[in-house]
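Trainee: Handing you this structure, nothing more for now.
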Amino acid sequence: MVFSELPNEIIEQILLEIDPLTLARCRVVSRRLFGLIDASVLLQISIEAGVDGLLVVGPHNRHLGHPSSSAQHLLDEIFRIREATVKFMPRSAWGIPYVAGNFHWE
């Protein structure tokens, strides 16, 4: 069977098994993968949690199947926590320029 003939549900289950960084990179492989990843709440949870250094593990990877209100709620919580973290983070933690010789590091 050719990749283009695989149903979206099978591809989504395969994508749920890879790490968030690789999953985010898969968005640029093809229009089909871009659309599939953007339409899947479960895949979005994996990417967004990975951005924050979190790894979402548990039954959602294999047993939810379809995006549910609990999956959407989890995605909303990730965005809420990220927003609160940035809002209350002291400016000094945003980045401190470091200059050593010709090397500039932020």
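Trainee: I need every pair where a residue in the stretch 6-28 that is over 15 Å from G53 (Cα atoms) has its Cβ under 7 Å from the Cβ of a residue that is buried (at least 17 other Cβ atoms within 10 Å of the Cβ) and of a type outside the set (A, V, I, L, M), sequence separation at least 6 or different chains.
Mentor: E12/S40; L15/C26; L16/S46
Trainee: Right, another one. When the residues of the stretch 6-17 are narrowed to those that are surrounded by 13 or more Cβ atoms within 10 Å (Cβ to Cβ) and under 14 Å from the mean Cα position of the chain (by Cα), which ends up farthest from S46 (Cα to Cα)?
Mentor: E12
Trainee: So, of the residues in the stretch 18-70 that are over 28 Å from V86 (Cα atoms), of a type in the set (K, R) and at pLDDT 90 or above, which turns out to be surrounded by the fewest Cβ atoms within 10 Å (Cβ to Cβ)?
Mentor: Once the filter is applied, the top-ranked residue is R31.
The values are calculated or read from the model by the stated rules, or taken from the named source; none is laboratory data. This one's a predicted model, so the numbers in the text were calculated from it and none came from an experiment. Neighbour counts run over all protein chains shown; Cβ positions are idealised from the backbone, glycine included.
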